[in-house]
Amino acid sequence: MSKDSITITDNRTGKQFDFPILHPTIGPSVADISSFYKDTGMFTYDRGFTSTASCRSRITYIDGGAGKLMYRGYDISYLAKEKTFLDTAYLLLHKELPTKEQLKAFSFELKKRSFINESMKKLFDAFPDNSHPMAILSSAIASLSAFYSDSLDMDTPEEVMEMAHRIIAKIPTIAAFSYRYSKGLPVIYPDLEKSFVENFLYMLRAYPHNYAELKPIEVEALDTIFTLHADHEQNASTTAVRVVASTQAHPYAAISTGVSALWGRAHGGANESVIRQLEMIGSIDNVDKYIAKAKDKNDPFRLMGFGHRVYKNFDPRATILKDLRNKLVDELDINSHLLEIANRIEKIALSDEYFIKRNLYPNIDFYSGLILKALKIPKEMFAVIFVMGRAPGWIAQWIELKEQPDMKIARPRQLYLGPLERTPSK
Ligand code: CMC
């Protein structure tokens with residue numbers, strides 16, 4: 001028996017089974033149970049994958065206890081404060097931060113691909129008025145596989161990078177078009193003179209005859225939000241992307257699946273839900289009532305923007321955004337009424353035994369919702385903003401999976417609790 005292994009005893013038979021322990025560069029060790037079924041004839045059961053490492057990865061590291069997050073070894077606060085979103089996207093794709101020249105070239109590659117095929121407008125047209133932009137976005141991203149069907153094999157690094165650039169470059173345009181179509185507004189084409197973030201805000205907000213200049217702090221705030229969302233290890237949407245990629249489906253289809261998975265309010269849809277919930281609470285006088293509802297076991301109500309599967313101390317992204325929000329309060333018109341309610345909820349939750357006992361702290365979405373509202377971004381676009389930030393991470397994870405020669409199709413098993421074979425009635 002190797003010392004670097006874990007032994008499991010089947011108490012019914014006394015039989016022992018040995019499984020090797022794998023060692024990460026940092027973080028908890030991992031018991032390799034890939035032979036568990038072959039050895040024991042049993043499956044393992046892990047509801048919600050709370051104890052499962054589903055892949056080997058070199059991209060993002062999270063220490064939930066210490067509130068630490070790193071992309072490719074760089075701490076998130078360094079990237080958020082010292083680098084731009086495009087630096088971070090480049091880092092995720094190429095494993096190294098870009099030089100000035102590399103960053104310029106990367107930005108140029110994205111600009112070149114920021115326009116979308118004109119016939120894609122028929123797709124936007126087909127959606128009813130007031131469709132949620134996330135519905136349009138996931139369909140439009142999946143449709144890219146039809147528009148670029150010439151290079152579906154992704155056999156060469158050049159083809160892979162072309163796909164990566166296309167997705168990152170076109171998502172802002174698709175996102176802005178999705179919103180404008182959903183509101184019956186004329187679309188605004190990309191402006192190649194503008195930076196990545198400026199261009200998105202321009203396409204979203206501008207009227208053809210009336211364009212309000214952006215304040216530098218607005219651009220900086222959105223850039224930081226994108227950076228903080230750029231990757232997050234094996235969360236639900238990234239896992240969805242990896243599962244679809246493992247079937248050899250086209251990357252555009254895999255990324256579109258990520259968009260759908262992210263939309264849920266337990267995940268990236270939480271930022272929109274935070275604002276909707278604050279609006280529903282409506283007054284500081286109602287806060288106590290809703291805190292009581294959140295604590296009531298028989299009430300499904302949850303405080304949006306609180307809690308995280310991995311962070312059990314604080315969410316480092318939330319800490320950065322809290323500072324940013326405080327900075328913005330002075331400079332922009334943050335809705336003080338909602339802010340007041342949010343501050344009251346935060347204060348109570350941070351000192352309430354229910355939340356303390358369960359390690360429920362404000363997460364990134366608690367603060368990003370208020371910041372995006374201050375940037376006058378419509379709340380239906382909040383999850384879309386999350387997608388724009390997360391796209392480079394999904395693509396990096398897609399590339400990593402494809403580069404692993406022992407990659408297997410994702411195919412979990414189950415604990416079957418349905419009926420035994422039934423005799424059909426005659
Ligand atoms: N409000 C009230 N109670 C909560 C909340 C909440 N927001 N979140 C968790 N709990 C309670 C839950 O009822 C349970 O209590 P008990 O132990 O008595 O049964 C305990 O805390 C553990 O909750 P869980 O559902 O087992 O935790 P999870 O790790 O499966 O879920 C979560 C994590 C983020 C889905 C959950 O905390 C939640 O629904 N939060 C609100 C939605 C939200 O803000 N999501 C954004 C997450 S950050 C963005 C991202 O990375 O996706």
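The values are calculated or read from the model by the stated rules, or taken from the named source; none is laboratory data. Since this is a predicted model, take the numbers as computed values, not measurements. Because the Cβ atoms are built from the backbone with ideal geometry, glycine has one as well, and the counts that use them run over all protein chains shown. Just the protein is used for accessible areas: all its heavy atoms, side chains included, with ligands, DNA and RNA removed. Shrake-Rupley method; radii C 1.70, N 1.55, O 1.52, S 1.80 Å.
So which residues in segment 273-288 are closer than 14 Å to Met381 by Cα and either of a type in the set (Val, Ile, Thr) or more than 11 Å from the ligand (Cβ to nearest atom) (or both)? Those that are closer than 14 Å to Met381 by Cα and either of a type in the set (Val, Ile, Thr) or more than 11 Å from the ligand (Cβ to nearest atom) (or both): Val274, Ile275, Arg276.
Is it fair to say Asp352 is touching a residue at least 60 places away in the same chain (Cβ under 8 Å) and open to solvent by 10 Å² or more (accessible area, probe 1.4 Å)?
So Asp352 fits the description; yes.
Note on segment 382-426: among residues that are among the basic types (Lys, Arg) and over 20 Å from Met163 (Cβ atoms), the one that is modelled with the lowest pLDDT is Lys426. Within segment 86-119, if we keep just the residues that are within 23 Å of the chain's Cα centre (by Cα), within 12 Å of Ser195 (Cβ to Cβ) and among the aliphatic types (A, V, I, L, M), the residue that is least open to solvent (accessible area, probe 1.4 Å) turns out to be Leu110.
Check whether at least one residue in segment 328-335 is within 16 Å of the ligand (Cβ to nearest atom), surrounded by 14 or more Cβ atoms within 10 Å (Cβ to Cβ), assigned to a helix (DSSP H, G or I) and in the same structural domain as Leu69 (by TED's automatic domain parsing), and report yes or no.
Step one: filter segment 328-335 for residues within 16 Å of the ligand (Cβ to nearest atom), giving none.
Within segment 328-335, not a single residue is within 16 Å of the ligand (Cβ to nearest atom), surrounded by 14 or more Cβ atoms within 10 Å (Cβ to Cβ), assigned to a helix (DSSP H, G or I) and in the same structural domain as Leu69 (by TED's automatic domain parsing).
Looking at Asp125, Asp129, which one is open to solvent by 60 Å² or more (accessible area, probe 1.4 Å), within 28 Å of Ser260 (Cβ to Cβ) and part of a loop (DSSP other than H, G, I, E, B)?
Values: Asp125 fails: part of a loop (DSSP other than H, G, I, E, B).
On inspection, the qualifying residue turns out to be Asp129.
Picking from residues in segment 47-58 that are basic (Lys, Arg) and touching a residue at least 40 places away in the same chain (Cβ under 8 Å), the one that is least open to solvent (accessible area, probe 1.4 Å) is Arg56.
When Tyr37, Tyr78, Tyr61 are screened for being open to solvent by 60 Å² or more (accessible area, probe 1.4 Å) and assigned by TED's automatic domain parsing to the domain that holds Thr238, only Tyr78 passes.
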